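Heads up: the structure comes next, in structure tokens.
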Amino acid sequence: MKSNWEGKLNSKEDFRELLLEIVRPLIPYYSEEKAELALGVTATTYNQKTIRLEAFSRPLWGLVPFFAGGGRDDDFEEIYRKGLAAGTDPENREYWGHCHTFDQRFVEMAAISYGLILTPDKLWEPLSEREKDNLASWLYEINEYELPVCNWVLFAVLVNIALKKLGKKYDKEKLEKYLQGADSFYLGDGWYQDGDSGQKDYYISFAIHFYSLFYAKVMEEEDPDRCSIYKERAEIFAKQFIYWFDEGGASLPYGRSLTYRFSQVSFFSACLMAGVEPFSVQVMKGLIVRHLCDWMKKPIFDRDDILTIGYGYPNLVMGERYNGPGSPYWALKTFAFLMLPDEHPFWKAQAEPLPALDTQKALFHADMLIHRYPGHVTAFVPGKYSPGGHGQTPAKYGKFAYDTCFAFSVAKSSCEVHEAAPDSMLAFYINGYVYVRRICEDFQVTEQNVTSRWVPYEGIKVETVITPTKKGHIRRHLIDSDRECEAYDCGFAVEIDVDGEKLETEEGCAKAENCYSRCSVNLVKGEGRGEIIIADPNTNLLHPMTRIPAIRYQIHKGKNEIITEIII
């Protein structure tokens, strides 16, 4: 981004200007009929036609609340009127095509439906009757095919609400079925899991809660009891989810779809949208402002100011198989608050810091223990995750610790330790391959520690107990091995190539630091020595070049106990 937004986000006009600065660079890349947006050539599991539809639809997550809150932009209004007509016309060369089971088009229907519900004056009423029929028929296809058992069911909820409100054919039974389906994901204390995957990550905040709160906003008269439940759950969830954010606005890099970046705070925007105030408006505004400013300082846009696939910088290594060139614009969900009326207190509120939070807190339904350090937050997790995945799953769910300052690293291969970049992991090196925590057989999260029993390799069983401390954390590993091997107990990946870079190794210690962070890994018990792992470039999500301090242990056949202290 060309602008520095630090200290410049306060009024409604400020936020509108930021949104337009993000989306206006897209304008030259829309197709002739405006139904496609071509931002790159990288592939996904769906075809290029659908990739271009995805890129077309996702700016609506920001533009729709912009329009709904009174914003005007003639260029985008024309683009989306024309594009919706062309993309749903079977006789147009830019027709998006008929759907099929588990179709990515269903995902993109959600943003379109969001617009049809909130801003029919912009996206529906200007269409001819034939164009309206085409659009309604194309959207209805979501009711004719099977959906994955996950947050996707709520896409069908949005579509059917849109069709209902527009007086078009909708599926009342499917609408209720999918609402009940989403409710079956509920765990308690405000937490859901993402369907049959069992994951508790950002899809709980920026998908399930976001759509539930949107439902509560637009269906309160028709379905008041359900809407009240959604609001109550969101309020409970907020009191825990806020622990994922540090004082500077950064949120935990954890789980999949991190290329959606500043959507991390969109849950709080949805709260404002639905009139839910788990914290004061001033606190929520402060969190949103700091989060957006933190992201705008990072090199997440390319030289043409297009959002890139990646996290702290452009990075395909960490991407999922469903991340196309337009996918990152899901982040615009955070601008939901732009629909608030001009007289809403949010616009005049002063941004305030986070409320007083516990230094250490267990989020039991999230399977997570949080410790808040000065300037950053660490989450300790047991590494329990679905065996399937979309890419780099062990790195996104299987680390011992996730931190707002250090982020985490993903593997380029499992052939060499430096390519595996196993920060915050106990990595076994066997027959030329690196094996990390992948199969978690059992775990326990308490207010004091996290215990997991896991298998990195056939014939090796590990019980790990992670205990946070004021300076970092202690790891105690009980290892029962049927072979002699080596294992690296790794600290956080520390950025180098910046001021204050310093690397040190001693017999039982390894240290890496720079001008703003440090990590020291110390041997407490076991047979090992300190090493610095020269992680491959572009493996860490936040920093292109890092080093990982570690203790390289000798693991003997039989029972082993090793204890490592991590100091940050």
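Test GLY71 against the stated conditions and say whether it is under 20 Å from ALA331 (Cα atoms) and not in a helix (DSSP H, G or I). Break it down into steps so the answer makes sense when it comes.
Values: under 20 Å from ALA331 (Cα atoms): yes; not in a helix (DSSP H, G or I): yes.
Criteria met by GLY71.
I need every pair where a residue in the range 379-406 that is of a type in the set (Val, Ile, Thr) has its Cβ under 7 Å from the Cβ of a residue that is not in a strand (DSSP E or B), sequence separation at least 6 or different chains.
If the second residue must be not in a strand (DSSP E or B), the pairs left are VAL381/ASP367; THR393/TYR385; THR404/ASP246; THR404/ALA250; THR404/LEU252.
How many residues, within the range 122-142, are of a type outside the set (Ser, Thr, Tyr) and either in a loop (DSSP other than H, G, I, E, B) or within 32 Å of the chain's Cα centre (by Cα) (or both)?
12
Take the range 144-173 and flag every residue that is over 22 Å from LEU118 (Cα atoms) and buried (at least 17 other Cβ atoms within 10 Å of the Cβ). Show your work before the answer.
First pass over the range 144-173, keeping only residues over 22 Å from LEU118 (Cα atoms): 144-150, 173.
Within the range 144-173, LEU147, CYS150 qualify.
Please indicate, with yes or no, whether at least one residue in the range 436-447 is touching a residue at least 60 places away in the same chain (Cβ under 8 Å), among the β-branched types (Val, Ile, Thr) and touching a Pro at 6+ places or on another chain (Cβ under 7 Å). It would help to see each step written out before you state the result.
Step one: of the range 436-447, the residues touching a residue at least 60 places away in the same chain (Cβ under 8 Å) are 443-447.
Filter once more, keeping what is among the β-branched types (Val, Ile, Thr): 445-446.
In the following step, the residues that additionally are touching a Pro at 6+ places or on another chain (Cβ under 7 Å) were identified as 445.
Yes, the conditions are met somewhere in the range 436-447.
Grab the strands (runs of 3 or more DSSP E) fully contained in the range 508-568, keeping just those with 1 or more residues being touching a residue at least 12 places away in the same chain (Cβ under 8 Å) and touching a Leu at 6+ places or on another chain (Cβ under 7 Å). Give the derivation first.
Values: elements: 509-513, 518-525, 528-533, 546-555, 558-567.
Of the strands (runs of 3 or more DSSP E) lying wholly inside the range 508-568, those with at least 1 residues that are touching a residue at least 12 places away in the same chain (Cβ under 8 Å) and touching a Leu at 6+ places or on another chain (Cβ under 7 Å) span 509-513, 528-533, 546-555, 558-567.
Considering each of SER128, SER113 in turn, give the residue that is of a type in the set (S, T, N, Q), out of contact with any His (no Cβ under 6 Å at 6 or more places or on another chain) and surrounded by fewer than 17 Cβ atoms within 10 Å (Cβ to Cβ). Lay out the reasoning, then the answer.
Numbers: SER113 fails: surrounded by fewer than 17 Cβ atoms within 10 Å (Cβ to Cβ).
Answer to the check: SER128.
Being out of contact with any helix residue (DSSP H, G or I) (no Cβ under 7 Å at 6 or more places or on another chain) and among the β-branched types (Val, Ile, Thr) is the filter; apply it to the range 421-452 and report the residue that is nearest to ILE567 (Cα to Cα).
Per the criteria, the residue is VAL450.
Regarding TYR402, is this residue in contact with a Cys (Cβ under 9 Å, 6 or more places away or on another chain) and of a type in the set (Ser, Thr, Tyr)?
On the way: in contact with a Cys (Cβ under 9 Å, 6 or more places away or on another chain): no; of a type in the set (Ser, Thr, Tyr): yes.
The answer is no for TYR402.
Residue by residue through the range 212-233, note down the ones that are under 16 Å from LEU154 (Cα atoms) and among the small types (Gly, Ala, Ser).
Of everything in the range 212-233, those that are under 16 Å from LEU154 (Cα atoms) and among the small types (Gly, Ala, Ser) turn out to be SER212, ALA216.
Looking at the range 453-484, which of the residues that are polar (S, T, N, Q) and within 16 Å of ILE563 (Cβ to Cβ) is surrounded by the fewest Cβ atoms within 10 Å (Cβ to Cβ)? Spell out how you get there, then give the answer.
Just the residues of the range 453-484 that are polar (S, T, N, Q), to begin with: 464, 467, 469, 481.
Going one step further and asking which of them are within 16 Å of ILE563 (Cβ to Cβ), we end up with 464, 467, 469.
Values: THR464: 24, THR467: 15, THR469: 12.
Here the answer is THR469.
Among the listed residues TYR230, TYR192, identify the single one that is surrounded by 21 or more Cβ atoms within 10 Å (Cβ to Cβ), touching a strand residue (DSSP E or B) at 6+ places or on another chain (Cβ under 9 Å), of a type in the set (Ser, Thr, Tyr) and within 30 Å of ALA379 (Cα to Cα).
On the way: TYR230 fails: touching a strand residue (DSSP E or B) at 6+ places or on another chain (Cβ under 9 Å).
Matching residue, one of TYR230, TYR192: TYR192.
Filtering the range 355-405 down to residues that are modelled with pLDDT under 95 and polar (S, T, N, Q), which residue is nearest to ASP194 (Cα to Cα)?
SER386
Go through the range 339-353 residue by residue and tally those that are more than 17 Å from VAL276 (Cα to Cα) and under 25 Å from the mean Cα position of the chain (by Cα).
So the answer is 3.
What number of residues in the range 93-106 are within 16 Å of LEU37 (Cα to Cα) and either surrounded by 13 or more Cβ atoms within 10 Å (Cβ to Cβ) or β-branched (Val, Ile, Thr) (or both)?
Step one: filter the range 93-106 for residues within 16 Å of LEU37 (Cα to Cα), giving 93-97, 104-105.
If we keep only those that are either surrounded by 13 or more Cβ atoms within 10 Å (Cβ to Cβ) or β-branched (Val, Ile, Thr) (or both) as well, we get 94-97, 104-105.
Number of matching residues: 6.
Just checking, does the range 46-66 include any residue being part of a loop (DSSP other than H, G, I, E, B) and without any contact (Cβ under 8 Å) to a residue 40 or more places away in the chain?
So in the range 46-66, the residues part of a loop (DSSP other than H, G, I, E, B) come out as 46-47, 58-59.
Remaining after also requiring without any contact (Cβ under 8 Å) to a residue 40 or more places away in the chain: 47.
Within the range 46-66 (the criterion being part of a loop (DSSP other than H, G, I, E, B) and without any contact (Cβ under 8 Å) to a residue 40 or more places away in the chain), the answer is yes, since at least one residue qualifies.
Restricting attention to the range 320-360, which residues are aliphatic (A, V, I, L, M) and not in a loop (DSSP other than H, G, I, E, B)?
Looking only at the range 320-360, we keep the residues that are aliphatic (A, V, I, L, M), and these are 331-332, 336, 338-340, 349, 351, 354, 356-357.
ALA331, LEU332, ALA336, LEU338, MET339, listed by residue number.
Okay, residues lined up against (1) more than 26 Å from LEU354 (Cα to Cα); (2) surrounded by 21 or more Cβ atoms within 10 Å (Cβ to Cβ); (3) more than 21 Å from the chain's Cα centre (by Cα); (4) assigned by TED's automatic domain parsing to the domain that holds ILE555:
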residue	(1), (2), (3), (4)
HIS371	no, yes, no, yes
PRO374	no, no, yes, yes
PRO382	yes, yes, no, yes
SER386	yes, no, no, yes
ASP403	no, yes, no, yes
ALA407	no, yes, no, yes
VAL410	yes, yes, no, yes
GLU419	yes, no, yes, yes
ASP423	yes, yes, no, yes
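Could you grab me the full set of residues in the range 439-452 that are surrounded by fewer than 15 Cβ atoms within 10 Å (Cβ to Cβ), of a type in the set (S, T, N, Q) and in a loop (DSSP other than H, G, I, E, B)?
Result: THR446, GLN448.
Inspect all residues belonging to the range 273-288 and state whether any of them is part of a loop (DSSP other than H, G, I, E, B) and over 16 Å from PHE237 (Cα atoms). Outline the logic, then answer.
First pass over the range 273-288, keeping only residues part of a loop (DSSP other than H, G, I, E, B): 275-280.
Now restrict to residues that are over 16 Å from PHE237 (Cα atoms): none.
Within the range 273-288, none of the residues are part of a loop (DSSP other than H, G, I, E, B) and over 16 Å from PHE237 (Cα atoms).
From (1) under 19 Å from VAL107 (Cβ atoms); (2) among the aromatic types (Phe, Trp, Tyr); (3) surrounded by fewer than 20 Cβ atoms within 10 Å (Cβ to Cβ), pick out the condition that doesn't hold for TYR186.
Just one mismatch for TYR186, condition (1).
Kindly evaluate GLU6 against the criterion of being among the charged types (D, E, K, R), on the phi < 0 side of the Ramachandran plot and not assigned by TED's automatic domain parsing to the domain that holds LEU316. Full working, then the answer.
Working: among the charged types (D, E, K, R): yes; on the phi < 0 side of the Ramachandran plot: yes; not assigned by TED's automatic domain parsing to the domain that holds LEU316: yes.
The answer is yes for GLU6.
Out of the range 244-260, which residues are part of a helix (DSSP H, G or I) and either surrounded by fewer than 23 Cβ atoms within 10 Å (Cβ to Cβ) or touching a strand residue (DSSP E or B) at 6+ places or on another chain (Cβ under 7 Å) (or both)? Spell out how you get there, then give the answer.
Of the residues in the range 244-260, the ones part of a helix (DSSP H, G or I) are 244, 258-260.
Passing the criteria: TRP244, THR259.
How do the pairs read when you match residues in the range 180-204 that are in the same structural domain as LYS231 (by TED's automatic domain parsing) with residues anywhere that are among the acidic types (Asp, Glu), using Cβ under 6 Å and keeping only pairs 6 or more apart or on different chains?
Pairs that qualify, where the first residue is in the same structural domain as LYS231 (by TED's automatic domain parsing) and the partner is among the acidic types (Asp, Glu), are TYR203/ASP194.
The values are calculated or read from the model by the stated rules, or taken from the named source; none is laboratory data. All values reported here derive from a predicted model rather than from experimental measurement. Neighbour counts run over all protein chains shown; Cβ positions are idealised from the backbone, glycine included.
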